[in-house]
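Here's the structure, in structure tokens; my notes come after.
None of the figures in this text is laboratory data; all of them are computed from the coordinates on show. Owing to the predicted nature of the structure, the values given are computational and were not obtained by experimental measurement. So basically every Cβ, Gly included, is an ideal-geometry build from the backbone, and we count neighbours across all protein chains shown.
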Amino acid sequence: MLANSQTMAGLKGATRLGDIVPGLRRAGQYLIGPCPFCGGRDRFNVKVADDGDLWLCRQCGDGRYHDVIDFLMRRDGRTFAEVVGQPAARPRASAAPVAALATTPADDWQCAALSAAAECANYLRGDSADAGKVRAYLRDDRKLIDATLHDHMIGFNPAGRHVAGGWLAPGVTIPCTVDGRLWYVQVRTTATARAEAKDAGRRLDKYHALKGSRLGALFNADRLIGAAAVFVVEGEFDALVLGQYVPPGVAVVTMGSAGSLPGNTWLRYFAAVRDIILLLDDDDAGRAALGRWQERLPRARAARLPDGSKDVTDFRRAGGAVWTWAAAVLRGAS
Ligand SMILES: [Zn+2]
């Protein structure tokens, strides 16, 4: 079915986010509550309007309000055409009716954003005192070795600036490239930048993706090609850490947050992988996401970290033997 403006307007007006997102409470013209994608208590924000609700997550979003169609695309891993062709009220068919694929941002956005990410990666490798401090943070707090930073083009943006029609916040830059195409640039903002934004009466969140990014892409998807096993984790930093402790032929991927499910574009990458291991955070959002992932990927099994660690980074910070644990999980012994 083709999208048309009438069904789009109808869908936007008829689907109230307050009806489909649990735990929202009213605050003036807004609804506020936990994010269905990444949890929390009050980071998910809905602007209620007759012609269609708009939503924003202060943690996993890109700093902009999105409409109901974007919400359904991200929640269900569907494309625009699938969402508009299939009203939200109708239960999802068990077989995907349309094998539509997600599309990357426009080429000119990709060029500008990728060259900014490359500049940030160069900065991080440089010998300035600031770059050294950031490398120490990534090494000591995030448990990332230099080779990991290099392989994933992780960088640091020392000052906020305009890139590709958006604002690239100061912080650690994490580009997501698949098959040579750039899907997003996520930024883990600095505490200083967040404090400055607050003083200026703005709010800057811990994660602020460059505008124009297509979040909900599969980070590390390329590594699934030819892989025998894969761990699915909640965020990029965990994917980077765990990637350091798995044997060759084992991939670690993430959709960037707990609640984003892989659509057709990304499910294809899992098709030939024998062993799919879901390692979602041990919190409400993670547990809710687990069932939805297993609905999408019935072959997938769940794994748990020892000692009640919330995620891989926590486990590693506590001195956990990640390599030994991962090897046991891969043998099926955990
Ligand atoms: Zn969120």
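Using alpha carbons only, how many angstrom separate the centre of the stretch 208-249 from the centre of the stretch 110-145?
Using only Cα atoms to place each centre, the spacing works out to 18 Å.
By count of other Cβ within 10 Å, fewest leading, how are Glu236, Glu119 ordered?
Glu119, Glu236
Please report the relative contact order for the chain, taking Cα pairs under 8 Å with a sequence separation of at least 6, and give it as a percent rounded to a whole number.
Relative CO of the chain lands at 14 percent.
Given H placed on each backbone N at 1.01 Å, which residues far from Tyr184 in sequence or on other chains put an amide H within less than 5 Å of it?
Amide H to amide H, under 5 Å and 5 or more residues apart or across chains, Tyr184 pairs with Cys176, Arg214.
Taking the Cβ of Gly18 as the centre, find all other residues whose Cβ is under 9 Å away and add up their charges (Lys, Arg: +1; Asp, Glu: -1).
Local charge sum for Gly18: 0.
Over the chain, with a Gaussian network built from C-alpha contacts below 10 Å, which listed residue (Asp283, Asp70, Asp179) shows the highest mean-square fluctuation?
So, out of Asp283, Asp70, Asp179, the one fluctuating most is Asp179.
Tell me, what ³J(HN,Hα) does each residue in the stretch 287-292 have, in order and in whole Hz, if you take phi through Karplus 6.51 cos²θ - 1.76 cosθ + 1.60 with θ = phi - 60° and put x for Gly and Pro?
Per residue, the Karplus-derived 3J(HN,Hα) values read 5, 5, 5, 4, x, 5 Hz.
How would Ile145, Ile20, Ile69 line up from fewest to most surrounding beta-carbon atoms within 10 angstrom?
Ile145, Ile20, Ile69
Check cross-link reach from Lys12 to the lysines: straight Cα distance under 20 Å, and skip same-chain residues fewer than eight apart.
Lys47
Give me Ser260, Ser115, Ser5, Ser309 ranked fewest to most by other Cβ atoms within 10 Å of their Cβ, as a rough exposure proxy. Let's see the in-between values first.
Details: Ser260 26, Ser115 12, Ser5 8, Ser309 19.
Least crowded to most crowded, the residues run Ser5, Ser115, Ser309, Ser260.
How big, in percent, is the set of alpha carbon pairs in the stretch 5-85 lying more than 19 Å apart?
Working: 1008 of 3240 pairs.
When all Cα pairs of the stretch 5-85 are counted, 31 percent exceed 19 Å.
Say R0 is 35 Å: what FRET efficiency, to the nearest 0.05, do Trp323 and Asn264 get from their beta-carbon distance?
Approximately 0.55, to the nearest 0.05.
Lys and Arg at +1, Asp and Glu at -1: add these up for the other residues within a Cβ distance under 12 Å of Ala112 and post the number.
-1
Search the structure for amide H atoms under 5 Å from the amide H of Gly256, placed 1.01 Å from N in the peptide plane, and list their residues when 5 or more places away or on another chain.
Those qualifying (amide H under 5 Å, at least 5 residues apart or on another chain) are Phe219.
Whole-Hz Karplus ³J(HN,Hα) for the stretch 235-252, in order, using 6.51 cos²θ - 1.76 cosθ + 1.60 and θ = phi - 60°, x for Gly and Pro?
Result, ordered by residue: x, 5, 4, 5, 4, 5, 5, 5, x, 6, 10, 10, x, x, x, 10, 9, 10 Hz.
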